[in-house]
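Student: Following this message is one structure expressed as structure tokens.
Here, each number is a calculation from the coordinates, and none is a lab measurement. Just so we're clear, the structure is a prediction, and the values are computed from it rather than from any experiment. In this analysis, Cβ positions are derived from the backbone assuming ideal geometry, glycine residues included, and neighbour counts consider all displayed protein chains.
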Amino acid sequence: MEQLPKVIVSSVIRSAHQGESHGGVYIVDLQAGQFTQVIDWNDPSISWEGRGLDRGLRGIAIHDDAIYMAASDEIFAYDRQFNLLASFRNPYLKHCHEIFVSNGILYLASTGFDSILLFDLRSTSFIRGYCFRYASAQDKYLFGQFDPCASAGPVPGDSV
């Protein structure tokens with residue numbers, strides 16, 4: 001019989017009220033049918049406006065010995081025992097839900113700016129951004145590259 005893996009999953013509890021846990025991170029042992037909560041996400045500084053928004057950790061990527069997780073406008077790096085190593089912010093990172101690692105670069109979907117940000121894990125710096133946006137006045141999609149460390153990036157928007 002095939003051995004089932006252990007996986008890392010996150011949850012978001014949309015019905016939680018401020019001051020209550022609104023999700024967490026779990027190690028799920030699919031073989032044993034057991035789970036262990038390793039992070040309780042109860043951050044009092046998050047926005048409670050609208051559906052979801054800042055609530056919850058969404059997006060998990062593993063590179064070398066670090067586990068990266070997205071929390072809307074911040075990326076957290078944890079070690080394999082889920083001790084917080086560092087966190088990273090960028091003005092163009094908003095409503096980040098998906099992340100992916102390839103060749104030492106962390107790709108981050110910033111739906112609040114219709115953008116993909118690239119974060120170099122070696123230098124721990126944001127190195128590039130790509131904005132993909134629908135321009136209704138021109139009835140076409142626009143695509144452009146920007147420097148996520150400069151102030152001349154895209155304006156906030158969620159058009160695609």
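Student: Can you compute the modelled spin-label distance between S159 and Y141, with each label point 7 Å from Cα toward Cβ, in nm?
Tutor: 1.3
Student: Determine the sum of side-chain charges near R133: Lys and Arg each +1, Asp and Glu each -1, restricted to other residues whose C-beta is under 15 angstrom from that of R133.
Tutor: -1
Student: Taking θ as phi - 60°, what are the ³J(HN,Hα) couplings along the range 106-113 by the Karplus curve (6.51, -1.76, 1.60), each to the nearest whole Hz, with x for Gly and Pro?
Tutor: 9, 9, 10, 8, 9, 5, x, 10
Student: Which whole-number percentage describes the relative contact order of the chain, with Cα contacts under 8 Å and a sequence gap of 6 or more?
Tutor: Numbers: 369 pairs, mean separation 19.5, N = 160.
Relative contact order of the chain: 12 percent.
Student: Compute the normalised compactness of the range 72-150: alpha-carbon radius of gyration over 2.2 N^0.38 Å, N being the residue count. Can you show the working numbers first?
Tutor: Details: Rg = 13.9 Å, N = 79, 2.2 N^0.38 = 11.6 Å.
Working it through for the range 72-150, the quotient is 1.20.
Student: Whose amide H sits under 5 Å from the amide H of S110, counting only residues 5 or more places off or on another chain, with H placed in the peptide plane?
Tutor: Result for S110 returns S115, I116, L117.
Student: Count charges around A86 for me, please; just the other residues with Cβ under 14 Å from its Cβ, Lys/Arg as +1, Asp/Glu as -1. Can you show the working numbers first?
Tutor: Numbers: positive: R89, R122; negative: D64, D65, E74, D79, D120.
Taking every Cβ under 14 Å from that of A86, the sum is -3.
Student: From the backbone phi of the range 25-39, what are the Karplus-calculated ³J(HN,Hα) couplings (6.51 cos²θ - 1.76 cosθ + 1.60, θ = phi - 60°) in whole Hz, Gly and Pro given as x?
Tutor: With coefficients 6.51, -1.76 and 1.60, one gets 10, 10, 9, 10, 8, 5, 5, 7, x, 10, 9, 10, 7, 10, 9 Hz.
Student: While we're on this one: To the nearest 0.05, what FRET efficiency results for I127 and L84 with a Förster distance of 22 Å applied to their C-beta separation? Before the final figure, lay out each step's value.
Tutor: On the way: r = 23 Å, r/R0 = 1.05.
Calculated value: 0.40.
Student: Additional query: Across the range 67-76, in residue order, what do the Karplus-derived ³J(HN,Hα) couplings come to in whole Hz, using 6.51 cos²θ - 1.76 cosθ + 1.60 with θ = phi - 60° and x for Gly and Pro?
Tutor: 10, 9, 9, 9, 9, 6, 10, 8, 10, 10
Student: Let me ask you something else. Using amide H atoms built in the peptide plane, which far-off residues or other-chain residues are under 5 Å from G153 H to H?
Tutor: Correct list: empty.
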